[in-house]
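Below is one structure, written out as structure tokens; comments come after it.
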């Protein structure tokens, strides 16, 4: 277990782990590292359930460049693990930051949590068709 205050809260919706940061701003390098270590642990745990993780960013007001870099790293690591990572409910400021850095097209982003959960259901149905 990680020491200190948990930076990620999570719950299970069907076969998807839905996570949220417990702080509205990720501004320090150690904070970003710790938060994304927690997310990586959740991604590893999700493999037993089908490998689906949704990061709801509705309460995230700001993320430093280090936090953004860790977000891209998380996407790369989850992809390598076979875990589907989606983001949802970005604030307008965070959307603009991702646009400005060119990261918006790299990440699988959905307007709402329900939209993202529905997109996960499509993966499940497509997987059944190919079986």
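The values are calculated or read from the model by the stated rules, or taken from the named source; none is laboratory data. Quantities reported herein were computed from a predicted structural model and do not represent experimental measurements. Methodologically, a virtual Cβ is constructed for each residue, glycine included, from the backbone with ideal geometry; neighbour enumeration extends over all protein chains shown.
Out of the stretch 16-64, which residues are in a loop (DSSP other than H, G, I, E, B) and out of contact with any strand residue (DSSP E or B) (no Cβ under 9 Å at 6 or more places or on another chain)? Passing the criteria: 23, 28. Take the conditions (1) out of contact with any strand residue (DSSP E or B) (no Cβ under 7 Å at 6 or more places or on another chain); (2) modelled with pLDDT of 95 or more; residue 6 misses just one of them, which is (2).
Within the stretch 1-40, the set of residues being under 17 Å from residue 73 (Cα atoms) and without any contact (Cβ under 8 Å) to a residue 24 or more places away in the chain comprises just one member, 30. Of the residues making up the stretch 52-70, those that are more than 16 Å from residue 22 (Cα to Cα) and more than 12 Å from the chain's Cα centre (by Cα) are 65, 66, 69.
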